[in-house]
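Novice: Below is a structure I'd like to ask you about.
The values are calculated or read from the model by the stated rules, or taken from the named source; none is laboratory data. Note that this is a predicted model, so its numbers are computed, not measured. The protein model used for the area step is the full one, side chains on, heavy atoms only, and it has no ligands, DNA or RNA in it. Shrake-Rupley method; radii C 1.70, N 1.55, O 1.52, S 1.80 Å.
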Amino acid sequence: MSFEEEWRQAQASAAANVAMRLNRVDEGPSGPGAADLSVRRDDLGVVGGDAFKLHDGLRRDGSHARESTGSAATALTARNFTSGGELAKVRTKWDTQLRTLSDACAQISNHLDYSMAAHAKDDQRVGGELLAVSRIDAYLK
């Protein structure tokens, strides 16, 4: 066999292998139809769960501290203690800081939930596009 014949045979074999690989979805290690793009990391779930627990605890316990501080400020002010007004300022600052921290925890938890849902939608969309590409091949035959 001459070099040219061997070269043409190698090219034809390579082209057939490429066409075969392009004409199917690679099943890979995760099996057919499994998601290629996924967000299932356990540590992300732990962070989201902790953020939710912290948000819930802040809402519950932070409100208790706010109410007792407000009552103390009112009682001190009623008895003409100047510290009553200062304690009221502390309560206002506490409310602001509590709301900021609680909102941050809620955003972390919500963002992780959103990210997992968005990645699942992206994976479905990409899977649908791969199916559409394989249908194009059927029309060309």
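Novice: Relative contact order for segment 56-118: what percent, with Cα pairs under 8 Å and sequence separation of 6 or more?
Specialist: On the way: 30 pairs, mean separation 17.9, N = 63.
Once normalised by length, the contact order is 28 percent.
Novice: Still on this model: With a 1.4 Å probe and all protein chains left in place, how much of the accessible area of segment 64-112 comes from carbon and sulfur atoms, in whole percent? Before the final figure, lay out the partial values.
Specialist: On the way: 2060 of 3510 Å².
Summing carbon and sulfur atoms, their accessible area is 59 percent of the total for segment 64-112.
Novice: Let me ask something else about it. Short version: ³J(HN,Hα) in whole Hz for each residue of segment 117-123, in order, from phi by Karplus 6.51 cos²θ - 1.76 cosθ + 1.60 (θ = phi - 60°), x for Gly and Pro, what are they?
Specialist: In residue order, the calculated couplings are 5, 5, 5, 5, 5, 4, 5 Hz.
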